[in-house]
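I have placed the structure first, in the form of structure tokens, so that the comments after it can refer back to it.
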Amino acid sequence: MALKAFPQHLLPKINRPSDLAGLSSDELAKLAAEIREEIIFVVSQNGGHLAPSLGVVELTIALLKTFNPRQDKMIWDVGHQTYAYKLLTGRRDSFHTLRKHNGICGFPKRDESPFDHFGTGHSSTSISAALGMAMARDLKGEKHHVLAIIGDGSMTAGIAFEGLNQAGHEGRRLIVILNDNEMSISKNVGALSLLLSRGLSTKLARRTMSEVENFLSSVPGIGENIISILHRSQSSLKTFFTPGMLFEALGFDYVGPVDGHDVEKMCEIFSMAKAADAPVLIHVLTKKGKGYEPAENNPTRFHGVGRFEPKTGESEKIAGAGPTYTECFGNALLELAEKDKRIVAITAAMPGGTGLDKFAERFPDRYVDVGICEQHAVTFAGGLATQGIKPVVAIYSTFMQRAYDQVLHDICIQGLPVVLCLDRAGLVGEDGATHHGAFDLSFLRHIPGISILAPRNGAEIKAMLAAALEHGGPVALRYPRGRTQEVGELAVPLEWGKGELIQQGEEIAVIAVGSTVNFANEAVRAFENTHNQKITLFSSRFVKPLPYEQIRQLAQTHSRLLLLEENTLAGGFSGAVLEYLTDEGLAENLVIRRLGLPDCFVQHGSTSLLLNELHLDATGILAELEQLTTP
């Protein structure tokens, strides 16, 4: 821990939210500084979402000072800004385990603490969940408060407005805290973010209203009456000159903008909101990365960061590491776009995370950031494709889950040539269950007309992306988080629907796809060093269409098969192979073993640790090979 229980320190004395009650303004400011110190220290060791949590320290203190989280329900949108909340709600002594295996989660998690009222990890769900809790409260005749704390980036998603629309229509008691820091992960985009920008500052609104009131006060007889009417009207100058006009139209009482780093002012406003009988939206202005200069200067890099040196903010160097799969994708797309002006790149608020930042700089007219709107991104790409454009949609595997219907209904039914690039496929490590790309093969494979490819290195990413853009139909390209050593040309040229026979052996054939090929290769080498037996290693490359004839040949010339994938076994790659072998009557005399992700939500921990625990690394695959050779 960074802080010890010395008398001069306040944080070690805060064991529960109620301990905040007696602190003075100066003590609260000191506590905020200590919370930031603790967050910076732990995240520098464990990695995590630094800038978001640093930006809401005072907001968290004000919420916990005004509301009672044992009764009042606080739903944090996305949840990557809850480190201060965890520190102040009984998890201070375990905070050093943040994001570690079997430690506390980096997001709200209901089975971790009674203060985590709704689990999350994806954006824009808080208002809908909060409204459900508010309705349940009313049905049960209870009186507690329900709050949704949502960022301006999350507010751009459709589900947020669906929740606002119903909440305003029903008029239930509900408090929405809009945390406006002008950032989601990267700079916000879209008309709403412009409405919420500092351009519509409270100074302009107040100055304009003040000047109008001063003028009307000077008008004999009727001036005071007009001022009184304006103050009561829903069409007041406040709602006309601030973002309140949007939220008031949706049925919310709008308050703000408010300084999100002024604890006393927020406590005052939150207390007023508690007395309201209608839905209230409080617009709070915060600074992402507040209190840590490197994060303030570069909030995008420090949104989610690995280990770093706290004094300088410099990231830990990885000796001898190659480029990431993401970098290989970004470089390949840039190279292809130089030759083909029809290529358009689309991301959902993550240009840096998906490797499209260089593309955005080089081809700004052919780059679109739609904000946190994955559904819109896919259908928008479909519209482009109908007009001869070649759209490439780069989204994390876990977030593509949100656009399932759009992939099926808007892309695949029409057979549109859209390339879906699913970054972070497989296990992603410390972000845990909400972020693992564990299901994309399963939720895509059964859709008619789509092709699914999985590269095992950077060279395959380049070849597969080029082939996908020329295919003429829907294609999903899925690749993992992490680094790859091979980035040159393919040793074996890519042929659509064909895999690569890496090594011919006898008796046992390992059929793997994507990143598991590399672990399999290592395991096969280790096995052959201690056994007088050569093993066949086959990289499928394609999940759909399968390389049917090659798999048939492997089944006919081997007695035992080991199938590998970094996707849930239910409905994944190995399931496709088994279906084919069974349908063709080829499975009866074979011993077949499968390794993949289990039928559960894999929790957080380092990727290497999780792979080892699930027997998906070279050690685990080697153990399976040993069992396959045992009579």
Worksheet item: For the charge dipole of the chain, defined by +1 on Lys and Arg C-beta atoms and -1 on Asp and Glu C-beta atoms about the Cα centroid, which residue among Leu465, Ile511, Asn68 has the Cα displaced farthest towards the positive pole?
Response: Asn68
Discussion item. Give me the dipole magnitude in Debye, nearest 20, for segment 474-521 about the Cα centre, with unit charges on the beta carbon: positive for Lys and Arg, negative for Asp and Glu.
Written reply: 360 debye
Worksheet item: Where does each of 516-529, 379-392, 416-429 land if you order them by average Cβ count within 10 Å, highest first?
Response: 416-429, 516-529, 379-392
Item to complete: Measure nothing fancy, just the Cα-based angle from helix 202-217's long axis to the longest principal axis of the chain, in degrees from 0 to 90, nearest 10.
Response: 30 degrees
Item to complete: Among DSSP beta bridges whose residues both lie in the chain, state the antiparallel percentage, nearest 5.
Response: 15 percent
Fill in: Neighbour net charge for Gly437 - beta-carbon separation under 11 angstrom, K R +1, D E -1
-1
Item to complete: Based on the mean of other Cβ atoms within 10 Å per residue, sort peptides 159-167, 92-100, 44-52 so the most packed one is first.
Response: 44-52, 159-167, 92-100
Item to complete: Report, in degrees rounded to the nearest 10, the 0 to 90 angle that the Cα long axis of helix 458-471 makes with the longest principal axis of the chain.
Response: 80 degrees
Discussion item. Just want the answer: with Cβ charges of +1 for Lys and Arg and -1 for Asp and Glu, which residue in Leu581, Thr536, Gly163 is farthest toward the dipole's positive end in the chain?
Written reply: Gly163
Fill in: Structure-derived Kirkwood radius over Cα pairs in Å: which label, when the choices are (1) 25.0; (2) 26.6; (3) 25.7
(2)
Item to complete: At 0.36 nm per residue, minus the direct Cα-Cα distance, what do Lys311 and Leu614 gain on full extension? Give it in nm, one decimal, please.
Response: 105.4 nm
Practice prompt. Treat every Asp and Glu Cβ in segment 500-629 as -1 and every Lys and Arg Cβ as +1, leave all other atoms uncharged, and give the resulting dipole magnitude about the Cα centre to the nearest 20 debye.
Written response: 140 debye
Worksheet item: Sorted by packing (mean other beta-carbon atoms within 10 Å per residue), highest first, where do 340-353, 578-591 land?
Response: 340-353, 578-591
Discussion item. I'd like the Karplus ³J(HN,Hα) series for segment 420-428: coefficients 6.51, -1.76, 1.60, θ = phi - 60°, whole numbers in Hz, and an x wherever there's a Gly or Pro.
Written reply: 9, 9, 9, 6, 6, 6, x, 7, 10
Discussion item. Please list 3J(HN,Hα) in residue order for segment 151-163, calculated via the Karplus relation 6.51 cos²θ - 1.76 cosθ + 1.60 where θ = phi - 60°; whole Hz, with x for glycine and proline.
Written reply: x, 5, x, 5, 5, 7, 7, x, 4, 5, 6, 5, x
Worksheet item: Between rounded, prolate and oblate, where does segment 529-606 land on the alpha carbon gyration tensor, with a ≥ b ≥ c its root eigenvalues, rounded for a/c under 1.5, else prolate if a/b exceeds b/c?
Response: oblate
Item to complete: Rounded to the nearest 10 degrees, what's the angle between the helix 548-557 long axis and the longest principal axis of the chain, both from Cα atoms, 0 to 90?
Response: 50 degrees
Discussion item. Of Ser442, Gly382, Leu98, which is farthest towards the positive pole of the chain's charge dipole, taken about the Cα centre with +1 and -1 on the beta-carbons of Lys, Arg and Asp, Glu respectively?
Written reply: Leu98
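FYI, it's all coordinate maths here, none of it is from the lab. These figures come from a predicted structure and were not determined experimentally. Counting neighbours? That spans all protein chains shown, and the Cβs are built from the backbone with ideal geometry, glycine included.
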